[in-house]
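Here's the structure we're looking at; comments come further down.
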């Protein structure tokens, strides 16, 4: 565990979270949420929680992103905030 | 307020923090001896805390059920009313035929391919690459399920990867192709079957005269030592988890991407 | 100076978890769009997962897979050498539950869109009030 790596990834995680919440396009929000999940996966691999990192990579970054995109495709991309 | 509360927390990575001093050392020190499973996370997940995981699987199954009931459109009449123009491509001449009357029946023919009005993936490269990749992804998923004792992995991850490989087929071809490969009824049977495999292993242990989900009971029937039997019991329930998770992921995806119609997806 | 950097290093993970939780809570409460609310819900969940994993971390320890050699047994296992596996187990199941709830939430959003033609909460509220 290298704490510099930890600090850098944590900063990226928070940036991705804020971007996913503020972006004015739902498709973009879904993609940014996928990036956020992947950053978390890196963070957990760095913290030694390999099983959790594996689950997050397949579930969070893979399947949830697909679900978001499918839902946005079936509804609308536009949003007011 | 929360930041103030953190000042009382133990320092990051402190080996003497209270969280490390209760049952965790016991799990760490005894898991390998008692269950013959080097990956402690798998051992705790499927053996020491298997009730937890069983109802967790039931939660995943009921989520798939909820998606099905919320979105699935069954009535044929409504479907036909909502159906827009249908498009077919004649494969030999590459001509596109448009059919406006919804009642007109078009027979399944090898020369005609139905197209989605919004989404027509025609890239040969994407299609061929996904077709080549899919079996390898599925093989990897099976490895993840079976090798969860010795490396990170297990039923949840393997099941999700299996489901994702079939979602990849749906993305690269179209939903109709993937629904032919994984019919809705089969998935609807597999999803509860996974939960039943899990509960069935537990019931077998009761039948052998031990507690529910105490896999050491299976030792006599399997003809192995109790430790190896616990390891094998973990494998059986992981298979159940993987089957349930895979089927549920496909059900949720098929319902979400087609808004319940199962006609045309992403 | 030494003590301040020590404090920051010791608590940095917790502070980040709090800020992530606040981002998620803000999105759930203040955002108007349903998909944004769902993203906020997921961020809140992952913040709590981050908290648990941070609790489980141990300095100078390795991943919780017992080192063993085929044939001649293994040496006695010392709990100090391995990261605490218990939070990992709990959070592994929490992640899978979170994707299940995500599927149900998105299904509800799609149903609402089919019924009202919008994903904005205030517009849905207006339509509900106008209807008798």
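Quick note: the coordinates plus some simple rules give every number you see, no bench work behind them. This one's a predicted model, so the numbers in the text were calculated from it and none came from an experiment. Quick reminder, even Gly has a Cβ in these numbers, built from the backbone with ideal geometry, and neighbours come from all protein chains shown.
Across the residues of C:24-33, average count of Cβ atoms on other protein chains within 10 Å? If you can, show how the numbers build up before the last one.
Details: counts 2, 0, 2, 7, 1, 0, 2, 5, 3, 8.
Going residue by residue through C:24-33 and averaging, the value is 3.
Computed from Cα positions, the angle between helix A:3-22 and the longest principal axis of chain A comes to roughly 10 degrees.
Legend: mean number of C-beta atoms from other chains within 10 angstrom of residue C-beta atoms, peptide B:56-67, equals 4. The modelled label-to-label distance for the pair residue B:143/residue A:81, using points 7 Å beyond Cα in the direction of Cβ, is 4.7 nm. Between the C-alpha center of segment A:55-81 and that of segment C:98-122 there is a gap of 12 Å. If I take R0 = 51 Å and measure r between the Cβ atoms of residue B:206 and residue B:181 in this structure, what FRET efficiency does the formula 1/(1 + (r/R0)^6) give, to the nearest 0.05? Efficiency for this residue pair is about 0.85.
Helix A:65-74 and the long axis of chain A differ in direction by around 10°, with both axes built from C-alpha atoms.
Each of residue B:150 and residue C:112 was given a label point 7 Å from its Cα along the Cα-to-Cβ line. The distance between the two points is 4.9 nm.
Subtract the Cα-Cα distance of residue B:51 and residue B:225 from 0.36 nm times their separation in residues, and report this length gain in nm to one decimal. In short, 60.3 nm is gained.
Starting from the exponent 0.38 and prefactor 2.2 Å, build the expected Rg for segment A:3-74 from its residue count and divide its actual Cα Rg by it. Mind showing how you got there, number by number?
Numbers: Rg = 12.7 Å, N = 72, 2.2 N^0.38 = 11.2 Å.
Expressed relative to 2.2 N^0.38 Å, the Cα Rg reads 1.13.
Please average, across the residues of B:47-54, the number of beta carbons from any other chain that are within 10 Å of each residue's own beta carbon, and give a whole number.
Details: counts 0, 3, 4, 0, 0, 3, 4, 0.
Average per residue, whole number: 2.
Peptides B:168-176, A:8-16, B:53-61 ranked from most to least packed, by the mean per-residue count of other Cβ atoms within 10 Å: B:53-61, B:168-176, A:8-16.
Could you order peptides A:59-68, B:131-140, B:154-163 by the average number of other Cβ atoms within 10 Å of their residues, highest first? Present the calculation step by step, with values, prior to reporting the outcome.
Numbers: A:59-68: 23.6, B:131-140: 13.0, B:154-163: 28.8.
Result, highest mean first: B:154-163, A:59-68, B:131-140.
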